[in-house]
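Encoded as structure tokens, the structure appears first; notes follow it.
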């Protein structure tokens, strides 16, 4: 009961803040005059949009790690696959405006002397198809990967290691020119999305607002999932997996379902990320990226959803500042932060704040009513 | 009760489990009737827990037959399928979902559809709430219903786990050392509760505490080195020379 009302309050806060961001950022960028203190310059809009996409990625990791105990160290792969699906659409939109002016083939294919479009590029000139692939490609990979892993009861650190191997293998595969996805340069030089110029301020504002809406939708979806009986089973699996089995639940089906859903969320985040940063290349598959996501979630507070969003925003803002001011120290700062949070705030910023809040409200209640409220004696 | 193919609910015959040459179970045979309560005793390493592992699908026997209701081959099924058949298990150390409330622990155990889609879209009917209320009453945790299970005392956790077993509505309950770590009063109450449960369901209790076994007042099977050493009333079993020898050491 008590936890339920807390969740409701948390949902209200998260959604209000996201709504405020969706209104304020366009207003400060478009309405406030350049030079005024309230003005948000053009280059900051895609940067903020990028943070929002990372927040959605962190949310997807928190859904499986925080609530089901599945520590994926390869979620960057699903993010990158969603990004590539969107990148392929954007490449097809370039048309004859590329350097080699080929009406069909992207520049890198002309450069490689390819004569026709590979079969897996078909359909990507149509956004609804690309959008479907943004969900299906990461979802299918997660389903197949998870089916084998969960059925064989691969858990804990072993699962984490094979997810690292998965993203590393994909990185190596995408580096190859034969893959037909641009090799180590990846996909870039985008011109238009749905006929709107990608670089234009208004397009960037629209993409930012869309990312915020996707994050809000993702948050509500996750909240709904973890609030259902399904979500309670997930937590049961996290805390006592074999007990859950002996109760008659097919644990592997639950893990598979939530892992696939999470991969799809990560794919959406990647798809919104690519038009805002203007490039997708194999380095997005780098194992370190996926590990960083886990740090965001740990910093914000695992198993809280809102904490994942908070952690992603804070750590990435810190990264932007650090890499500009003290570039050599960023990795030390990140590592130090992770150690600090693990040692002193095991439940992250949000968990620590929650504890503080509960303790102070308990004190308040104790002062108001002289008799003990709960069965403290037991 | 439906007519069973054989009169016994659980039938183990010649079950052998060996780990690296060590025989945890050695040609064990055991039969449990419908609505029978049986106490299993035996020194450490006698194979009590391994026997439960075989019945619940955690361990595959190297040899032997394990039949439930005369027709289900337990050796071919996994934990989930066996739980669905109606075999519930309580572990030696109380295993409850510590982060969930007492009520949610029972909710998760309630006999219901167990698939991901069913639980995602489930709405709680009033009938379920009544079931939970009745169970809370039975295991005396009504006052604690909204507390996290992790905050309960050891004895309360044991009872919550028994409540979860009942919520599953199993035909056979396997209960591993329910009295461990309990006060004398709690132990006596637990014996009452189990006797009450055994009126309608088959129960197998593994226990070290002889006072508790005496309280139960049921047929006793003594295991030793993976096979049955003696079977009968507690008095008969404790009078058995070999049992005395095993317990006191040679």
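Below is a table of values for the structure above.
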quantity: Filter result for the condition that a residue is surrounded by fewer than 21 Cβ atoms within 10 Å (Cβ to Cβ), within 17 Å of residue A:305 (Cα to Cα) and modelled with pLDDT under 95, over A:228, A:242, A:202; calculated: A:228
quantity: Residues of region B:73-84 classified as outside any loop (DSSP other than H, G, I, E, B) and either facing chain A (nearest Cβ under 9 Å) or crowded, with 21+ Cβ neighbours inside 10 Å (or both), total; calculated: 7
quantity: Counted residues, region A:314-332 - those being over 18 Å from the mean Cα position of the chain (by Cα) and either outside any helix (DSSP H, G or I) or surrounded by fewer than 17 Cβ atoms within 10 Å (Cβ to Cβ) (or both); calculated: 10
quantity: Filter result (without any contact (Cβ under 8 Å) to a residue 12 or more places away in the chain and within 21 Å of the chain's Cα centre (by Cα)) within region A:144-161; calculated: A:144
quantity: Which numbered condition residue A:266 misses (of (1) within 11 Å of chain B (Cβ to nearest Cβ); (2) buried (at least 22 other Cβ atoms within 10 Å of the Cβ)); calculated: (1)
quantity: Single residue of B:220, B:213 found to be in contact with a strand residue (DSSP E or B) (Cβ under 6 Å, 6 or more places away or on another chain), part of a helix (DSSP H, G or I) and closer than 14 Å to residue B:39 by Cα; calculated: B:213
quantity: The listed residue being crowded, with 18+ Cβ neighbours inside 10 Å and not in a helix (DSSP H, G or I), out of A:303, A:311; calculated: A:303
quantity: Residue within region B:51-58 that is within 21 Å of the chain's Cα centre (by Cα), part of a loop (DSSP other than H, G, I, E, B), surrounded by fewer than 19 Cβ atoms within 10 Å (Cβ to Cβ) and within 13 Å of another protein chain (Cβ to nearest Cβ) present; calculated: yes
quantity: Subset of region B:93-120 (residues that are facing chain A (nearest Cβ under 8 Å), in a loop (DSSP other than H, G, I, E, B) and in contact (Cβ under 8 Å) with a residue 12 or more places away in the chain); calculated: B:95, B:96, B:97, B:98, B:99, B:100, B:114
quantity: Boolean, residue B:132 is in contact (Cβ under 8 Å) with a residue 40 or more places away in the chain and within 14 Å of chain A (Cβ to nearest Cβ); calculated: no
quantity: Only one of A:221, A:187, A:213 that is surrounded by fewer than 21 Cβ atoms within 10 Å (Cβ to Cβ) and either touching a helix residue (DSSP H, G or I) at 6+ places or on another chain (Cβ under 6 Å) or more than 14 Å from chain B (Cβ to nearest Cβ) (or both); calculated: A:213
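The values are calculated or read from the model by the stated rules, or taken from the named source; none is laboratory data. Because the structure is predicted, anything quoted here is derived from the model rather than measured. Glycine also receives a Cβ, built like all others from the backbone with ideal geometry; neighbour counts cover every protein chain displayed.
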